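To start, the structure under review is shown below, and the notes come after it.
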Amino acid sequence: MSKLKTLITLFRGCLIPPFPILRFHLKLRNQRRKLQNISLNNIDILFFFPFYQVGGGERVNADILKVLPEFRKAIVFTDISKNDTFLSEFKNNSDIIFDINDFSLIKEEFNIRLLDEIQVHKKRLKFILGTNSYHFYQLLPRLFPLAKCYDLVHAFYKPDLGPEDFSLPYVEMLSKRILVNKKVQSDFKEFYKLHGVDDAMNDRFVVIYNCIDTSSTFITRPHSKDIKVTFIGRGCEEKRIHIVGKVASKTKESQKSIEFSFVGGDVEKYIFNIDRSNCNIIGELPAKEVNNHLKCVDILLITSYREGFPMVIMEAMINGVIVISTNVGGISEHIVHGENGFLVNSGSEDQIVEDMSKLIIQLNGDANLRYKISQNAHYYAKQNFTFERFKNEYRSLLLNE
């Protein structure tokens, strides 16, 4: 019996070490096989997008594809997505998709193959557009001699590290830079000046506001009820979701029947334990269910320390939801305090909590004010966030129409 155990031990010792090596070589072989199938034959436009997961930026990227239905489009996804929320929409509105994670062992080989294909088909290729992709910026020195290159920046990330930093060495290689609001443009101009970028580069900025489905009609909410407040967004530091939790606790000290709900992935991680009993955690919802949720609430809270202009604000406004937001990014370009929403300028978190709670209590006690702000928000969105306007502006820039 002891001899048998010895033989089994030796046998295992011989077989186990080669398995990881074998798996590596099989993976490498499969990736190199896939590499041979990469082709940009008959492709008119090439996009570099970071993700296909849930997110406002991904929503915008999918909308851009719809602006150009008559062209054959290829997409390179450059980062790891947490979920596949928008993947089917990207597939339905493009012709070829490459996920760089399928070539994780041979990324430079993938780059070389892709560049070779661009070289071969450059006469057909109208332009290349990248958005929030570090990989795209790294490739720019090799891309821009082959095709006209644009980028789209959804937000200025300062004080965090973001596209403005990654792209700085490559700004002269971009024919135009598409920005989602004027605040991002002014931030970029200041950033360029700080880093000694030629003033002529400021002429390459183009502001194009995002769009949503504006077909919905105005919903009149019941006057005699306690209002419902919501947060919608992904769980991350810049959203400062814990402040929403503190607003819930502060408000419920005097208005216990007001409901606070939280929609989004990982939101519960950012709510302090002391505030959780005052928070209804719904979690992540599909896009259609988010829209249905917005039809059932009265107020959307935004407590971020940085933003571009969140898609969820646009979606809230078209549904007549009153936005109460910190005054950051390009939000004040669309939200006029006391007319179609409310802005909080306070610096400290405690003051933000105090100001937002007071506004919620005021709105809860004034049905006429709620109706006025709700109606104004809806009609502002209906006039300013249309796909038709978005489509015309993108086609004018990208196709010189």
- [ ] Answer yes or no: is there a residue in the range 360-369 that is within 24 Å of ILE64 (Cα to Cα) and either acidic (Asp, Glu) or surrounded by 15 or more Cβ atoms within 10 Å (Cβ to Cβ) (or both).
- [x] no
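Yes or no, residue by residue, for (1) surrounded by 22 or more Cβ atoms within 10 Å (Cβ to Cβ); (2) in the same structural domain as MET356 (by TED's automatic domain parsing); (3) of a type in the set (Lys, Arg):
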position	(1), (2), (3)
LYS252	no, yes, yes
GLU259	no, yes, no
PHE272	no, yes, no
ARG276	no, yes, yes
THR303	yes, yes, no
GLY308	yes, yes, no
MET314	yes, yes, no
SER325	yes, yes, no
SER332	no, yes, no
Open item on the list: I'd like to verify a number: residues in the range 356-381 that are assigned to a helix (DSSP H, G or I) and more than 24 Å from SER215 (Cα to Cα), how many?
Closed with: 12
Open item on the list: All but one of (1) in contact with a helix residue (DSSP H, G or I) (Cβ under 6 Å, 6 or more places away or on another chain); (2) in a helix (DSSP H, G or I); (3) more than 27 Å from ILE313 (Cα to Cα) hold for GLU89; state the number of the condition that does not hold.
Closed with: (3)
Open item on the list: Condition (residue is out of contact with any Pro (no Cβ under 8 Å at 6 or more places or on another chain), of a type in the set (S, T, N, Q) and either under 27 Å from LEU161 (Cα atoms) or outside the structural domain of PRO50 (by TED's automatic domain parsing) (or both)) applied to the range 89-97: is it met by at least one residue?
Closed with: no
- [ ] Quick one: in the range 82-98, of everything that is surrounded by fewer than 18 Cβ atoms within 10 Å (Cβ to Cβ), modelled with pLDDT of 95 or more and of a type in the set (D, E, K, R), which residue is farthest from GLN36 (Cα to Cα)?
- [x] LYS91
Open item on the list: Condition first: of a type outside the set (A, V, I, L, M, F, W, C), farther than 20 Å from LYS158 by Cα and in contact (Cβ under 8 Å) with a residue 12 or more places away in the chain. Now tell me which residues in the range 180-221 satisfy that.
Closed with: ASP198, ARG204, TYR209, ASN210, ASP213, THR214, SER216, THR220, ARG221
- [ ] Taking VAL171 as meeting all but one of (1) over 30 Å from ILE258 (Cα atoms); (2) modelled with pLDDT under 95, write down the number of the exception.
- [x] (2)
Task: Residue satisfying condition, being in a helix (DSSP H, G or I) and in contact with a Ser or Thr (Cβ under 7 Å, 6 or more places away or on another chain), within set VAL247, VAL171, VAL184 - done: VAL247
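The values are calculated or read from the model by the stated rules, or taken from the named source; none is laboratory data. All figures in this text were calculated on a predicted structure; none of them were measured in a lab. Reconstructed Cβ throughout: ideal geometry from the backbone, glycine too, with neighbour counts over all protein chains shown.
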